[in-house]
Amino acid sequence: MRAPAFWQAPVTGQPRPWRDRCAMFALWPLSLLMRLLVRLRQGLYLSGMLKRHAAPVLVVVVGNVVAGGGGKTPTVMALVEHLRARGLKPGVISRGYGRRKAKDGEDCREVRPESPVEEVGDEPALVRRRTHVPVFVARRRIDAARALLAAYPQVNILVSDDGLQHLALARDIEVCVFGDLGLGNGLLLPAGPLREPWPRYVDLVLHTGQRPAFTGHAARRALANTAVDASGRSVALDSLQGTLVAVAGTARPHGFFNMLQTRGLALARTDALPDHAGLPDYENWHATLHKEFGTGPVTVLCTEKDAAKLWAVCPEALAVPLVFDLPQAFLDEFDRLLHAAFSAQLSSTYTH
């Protein structure tokens, strides 16, 4: 999702352009209505009028309060690796945003290595490919949780990729992730980027951008030293020469382009596709690429999220992995919360 200019935080000492001010003023009543609806929905869950469903294992939700990408999926993958290092057996659940209904009409699906990305979603496909843990998608995350645990009873903790606002699923730990947009202009959709009012209680706040907007832990993001094509061939980034073209179908495509340029790569062209772009978007883009460069040698660079769809039309494209490190202070606090949650679960089991 591309953020409108007026969603950004105001630049200190500079007045907003009049068009931005007009847009925010026009959308402000809808933002107030959004706030009212969000508070009403939260109240219905808090009062018990709307039911929350609990999974039989601990649930960690990684989400955000800002529309668009903020680094949730890299955080999920990093937490999965951390949980495995602690001897736990995690699984991942997701809605699978942007996926189409499967051919058999089934909403709840396991994400397998051979699963069509269009039917499971690009981010769940990436999580499955990188972590090799069980991943299930469903519109209702409790359905994904139940199906995953039925198929993989050894799983003893679930990580939900997104879902901070999916209050129907009970959770034990909430991690709220913020990117470079921060809180933006501080207004709710559609006048601003917020899905719900902030501040709200969460267990941990993690900043994944270059400029943390307020107090919280800060993760380190960097590109890996090597990229890989569809056949698994690795190529060192520093060895790339000639005509380089970068494409990204993410919420913050220019962040990827900037990281490539920071690594010293001279990009002849950069193309930002819609977030969660479909296969036709990549096919059309590839056709325009051939029109511009013909049959000349061109090296295409993309994110790992793009790779599964782009490789279908351009198998020689190089996916550049993201190296994502969680700070030790964050992991220490997460482990304390995890220990407390397991202790509470054990106490509840003995009590009943």
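The values are calculated or read from the model by the stated rules, or taken from the named source; none is laboratory data. Predicted model, so just to flag it, every value in this text is computed and none were measured. Methodologically, a virtual Cβ is constructed for each residue, glycine included, from the backbone with ideal geometry; neighbour enumeration extends over all protein chains shown.
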(message) Criterion first (touching a helix residue (DSSP H, G or I) at 6+ places or on another chain (Cβ under 8 Å), surrounded by fewer than 18 Cβ atoms within 10 Å (Cβ to Cβ) and among the basic types (Lys, Arg)) does Arg221 satisfy it?
(response) yes
(request) Report, by residue number, each residue of region 146-156 that is touching a residue at least 40 places away in the same chain (Cβ under 8 Å) and part of a loop (DSSP other than H, G, I, E, B). (result) Tyr152, Gln154, Val155, Asn156
(message) Looking at Gly255, Gly232 in this structure, which one is small (Gly, Ala, Ser), under 15 Å from Val320 (Cβ atoms) and not in a loop (DSSP other than H, G, I, E, B)?
(response) Gly255
(message) Every residue in region 117-174 that is β-branched (Val, Ile, Thr) and either within 29 Å of Asp281 (Cβ to Cβ) or not assigned by TED's automatic domain parsing to the domain that holds Val76 (or both), please.
(response) Val117, Val120, Val127, Thr131, Val133, Val135, Val137, Val159
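Let's see how each residue does on (1) surrounded by fewer than 20 Cβ atoms within 10 Å (Cβ to Cβ); (2) assigned to a helix (DSSP H, G or I); (3) in contact with a strand residue (DSSP E or B) (Cβ under 7 Å, 6 or more places away or on another chain); (4) not polar (S, T, N, Q):
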position: Pro124; (1), (2), (3), (4): no, yes, yes, yes
position: Arg128; (1), (2), (3), (4): no, yes, yes, yes
position: Arg139; (1), (2), (3), (4): yes, no, no, yes
position: Ala144; (1), (2), (3), (4): no, yes, yes, yes
position: Val159; (1), (2), (3), (4): no, no, yes, yes
position: Leu164; (1), (2), (3), (4): no, no, yes, yes
position: Leu167; (1), (2), (3), (4): yes, no, no, yes
position: Cys176; (1), (2), (3), (4): no, no, yes, yes
(request) Determine whether Val111 is farther than 28 Å from Ser343 by Cα, aliphatic (A, V, I, L, M) and buried (at least 16 other Cβ atoms within 10 Å of the Cβ). (result) yes
(message) Go through (1) touching a Phe, Trp or Tyr at 6+ places or on another chain (Cβ under 9 Å); (2) aliphatic (A, V, I, L, M); (3) within 30 Å of Glu118 (Cα to Cα) for Ala251 and report which single condition fails.
(response) (1)
(request) Name the residue, out of Arg86, Arg95, Arg39, Arg52, that is in contact with a helix residue (DSSP H, G or I) (Cβ under 8 Å, 6 or more places away or on another chain), outside the structural domain of Ala145 (by TED's automatic domain parsing) and of a type outside the set (A, V, I, L, M, F, W, C). (result) Arg52
(request) May I ask you to say which residue of Ala277, Ala246, Ala227 is hydrophobic (A, V, I, L, M, F, W, C), touching a Ser or Thr at 6+ places or on another chain (Cβ under 6 Å) and surrounded by 17 or more Cβ atoms within 10 Å (Cβ to Cβ)? (result) Ala246
(message) Checking the conditions here, which among Ala191, Ala222 is outside any loop (DSSP other than H, G, I, E, B) and small (Gly, Ala, Ser)?
(response) Ala222
(message) I want to confirm something. Restricting to region 10-40 and keeping residues that are β-branched (Val, Ile, Thr) and within 23 Å of Ala213 (Cα to Cα), which single residue is surrounded by the fewest Cβ atoms within 10 Å (Cβ to Cβ)?
(response) Thr12
(message) Looking at His207 and the list (1) in contact (Cβ under 8 Å) with a residue 60 or more places away in the chain; (2) farther than 30 Å from Ala287 by Cβ; (3) surrounded by 21 or more Cβ atoms within 10 Å (Cβ to Cβ); (4) not aliphatic (A, V, I, L, M), which single condition is not satisfied?
(response) (1)
(request) Kindly indicate which of Arg84, Arg99, Arg95 is among the charged types (D, E, K, R), without any contact (Cβ under 8 Å) to a residue 60 or more places away in the chain and in contact with a Lys or Arg (Cβ under 9 Å, 6 or more places away or on another chain). (result) Arg99
(message) I'd like the full set of residues that are of a type in the set (Ser, Thr, Tyr) and assigned to a helix (DSSP H, G or I), limited to region 65-118.
(response) Thr73, Thr75
